[in-house]
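Notes for the one structure printed next.
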Amino acid sequence: MAEIELTYKGVEIVAITGDITKQKVDAIVNPANSWMLMGGGAAGAIKRTGGQEIEDEAVKHAPVPVGKAVATGAGRLKAKYVIHTPTMERLAMRIGVENVRLAVRAALECASKLGLRSVAFPGMGTGVGGLALEEAAEAMIDETKKHVERGTHLRKIVFVGFRDDLTQAFLRVINKAFVTA
């Protein structure tokens, strides 16, 4: 169930509380590390639900720098792809907000190159990355808005909060960026 659903320049923008691995979209985004090792947080959930083959395929691309993204198959997930976009070089690093901007931009560009119609993002940098929820949400939504304004194949972008406080941060920023803009 959507907490917010609006359309901006032909693209549906959605924020929900839920499980990133259960999203019925073309691709889900993994906020990775450069070595593509899927330990905890969203990456761990993706690997547990989708299967070890996702990590095995991703590791073949390592190292992937922050600001780049690679797509792999999605194993047992409902999605067709997992887009792995590093927010950090090593496992469990604290990061700055610019890493989130670069990662979101790279993931959206990867989705466009693949001609995808829908993508789902978890909170990027909000776990071990240590960013405040609002700060991360602002960077994610700002990059999304810029991407949509440049033109995109995407028709649906979903922001999935694993907890309600993250979803609320997404809602506040989406309202500020798209509704009251």
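The values are calculated or read from the model by the stated rules, or taken from the named source; none is laboratory data. Quick caveat, the model's predicted, so the values are computed rather than measured. Cβ atoms come from the backbone with ideal geometry, glycine included; neighbour counts cover every protein chain shown.
Below are the figures for this structure:
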| item | result |
| --- | --- |
| Residue among ILE95, ILE157, ILE141 that is modelled with pLDDT of 95 or more and touching a strand residue (DSSP E or B) at 6+ places or on another chain (Cβ under 7 Å) | ILE157 |
| Residue under evaluation ILE83, criteria (1) β-branched (Val, Ile, Thr); (2) within 13 Å of the chain's Cα centre (by Cα); (3) in a loop (DSSP other than H, G, I, E, B), criterion not met | (3) |
| Count of segment 130-165 residues which are crowded, with 21+ Cβ neighbours inside 10 Å, under 13 Å from the mean Cα position of the chain (by Cα) and more than 18 Å from LYS9 (Cα to Cα) | 5 |
| From PHE178, PHE170, residue being more than 23 Å from ILE46 (Cβ to Cβ), among the aromatic types (Phe, Trp, Tyr) and either in contact (Cβ under 8 Å) with a residue 24 or more places away in the chain or out of contact with any Leu (no Cβ under 7 Å at 6 or more places or on another chain) (or both) | PHE178 |
| Residues within segment 160-181 that are under 14 Å from PHE121 (Cβ atoms) and at pLDDT below 95, tallied | 1 |
| Condition met for GLU109 (acidic (Asp, Glu) and either closer than 23 Å to LYS156 by Cβ or in contact with a Pro (Cβ under 8 Å, 6 or more places away or on another chain) (or both)) | yes |
| Candidates LEU102, LEU116, LEU108, LEU77, filtered to the one that is outside any helix (DSSP H, G or I) and touching a Ser or Thr at 6+ places or on another chain (Cβ under 9 Å) | LEU77 |
| Selection status of VAL160, closer than 21 Å to ALA111 by Cβ and in contact with a Ser or Thr (Cβ under 8 Å, 6 or more places away or on another chain) | yes |
